[in-house]
Structure formats: C-alpha cells, structure tokens
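As structure tokens, the structure follows; a few thoughts come after it.
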Amino acid sequence: MATALCPGSFDPVTNGHLDIIERTARLFDDVIVAVIRNPQKTQSLFDLEERQDMLREVTAHLRNVRIDHFTGLLVDYAKQQGADAIVKGLRAVSDFDYELQMAQMNQRLSGIDTFFVSTSPQHSFLSSSLVREVARFGGDVSSMVPTAVAARLAKLFRSPGPEEA
Ligand code: PNS
C-alpha cells in the first residue's frame, strides 16, 4: 500500500489542484490531501474548515482520497501519517527553484521523496492567489475552479443588492 501526500494552502482549491489530485489518486493506493493550517504567504481568504470542506466536496468521487490538515513541519505530519511520498504539481520553471529546495530539504529531514507531476497545460497559468484576485474584482473564474468553489467565491464577493446595501 503506497500512500501519497498532497500538501498545500488550497485557498481555494482550483481545477489545477484537482487535476493533480485525480492523477495522484490513479497512481497511489491512498492519497492524503493536507491543508496547511496557516498559509504563510497571505492572510487566507477561506478559513481552514472552509478550505477542507471545499476539498471534500470536489474530491467526493475519489474513493482513495481523504482530506486532513496539518501544522508545523510537513515532514513531521508525513511521518506521522506513514506517507511514502509527497506529490506536488509543477506549473512552470518559475515554480521549480523553490519546489526543488523544499523537496531537497524535506528529503534531508525525513528521507521522504517528493514527486512532481507536470500541471496540464490548460491549468499552467492558474493559481489560488490569481483566482482570489480575479474573483474579488468580479471577474469570471467559473472555468478555473470547481463549481462548488465558484459558488462560494460568488457568494463572498457578490455585490449587495439594493435591499442589503
Ligand atoms: O499551496 P502552497 O501554499 O504552495 O503550499 C506550500 C506548503 C504548505 C506545501 C509548504 O509551505 C509547506 O510544506 N509548509 C509546511 C512547513 C514546512 O514544512 N516547511 C519546510 C519546507 S522545506
């Protein structure tokens, strides 16, 4: 039984993330999608529970995927869960430097290898941060995120109607 760990902020999960999770689920017996409790990069738009709920909704069709969260070092969580590998998506060369550094550090700390899956070309420009920005200013992100996520973004950013203003 080989278990893969797909970690991330998932704020929110995009079609790019889902593609990587689905492909990982075809390669490994079990997949843990682990949401970091406090993303360092930005103040998160969705709280931890919401980010996990959205992931649960959009991966409900994948029987060997479960959603969890972690704090602290990824490798400590990976060891605690008995994960055999960390799996990450690589969108472009710009991702590579940092991802390689993290993979090497994680390997040194724990012996756990990171496997990179190349993002499908139709998702290579996608990031949660851009989705948040576009949605915040009323842009259409419905082709970039699962329907359940698009609905939550629309609810969050819809302009108040006359009776609510
Ligand atoms: O979706 P993101 O924000 O690119 O995910 C980054 C994440 C959560 C995978 C990365 O920041 C992480 O592993 N953080 C946990 C802290 C840790 O282990 N740091 C050392 C990395 S070498």
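Coordinate-derived values only; no laboratory data. In this text the structure is predicted, and so the values were computed from the model without any measurement. Methodologically, a virtual Cβ is constructed for each residue, glycine included, from the backbone with ideal geometry; neighbour enumeration extends over all protein chains shown.
Values as computed for the structure displayed
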| quantity | calculated |
| --- | --- |
| Average projected area [Cα convex hull, region 88-150], square nanometres | 5.4 |
| Radius 12 Å from Cβ of VAL75, net charge of other residues (Lys, Arg +1; Asp, Glu -1) | 0 |
| Listed residues PHE115, PHE137, PHE28, most fluctuating in the chain (Gaussian network, C-alpha, under 10 Å) | PHE137 |
| Sparse-neighbour loop sites [trypsin sites (Lys or Arg not before Pro); region 34-129; at most 14 other C-beta within 10 Å; DSSP] | ARG37, LYS41, ARG63 |
| Dipole magnitude of the chain about its Cα centre (Cβ charges: Lys, Arg +1; Asp, Glu -1), debye to nearest 20 | 100 |
| Dimensionless Rg ratio for region 1-133, taking C-alpha atoms and the 2.2 N^0.38 Å reference | 0.98 |
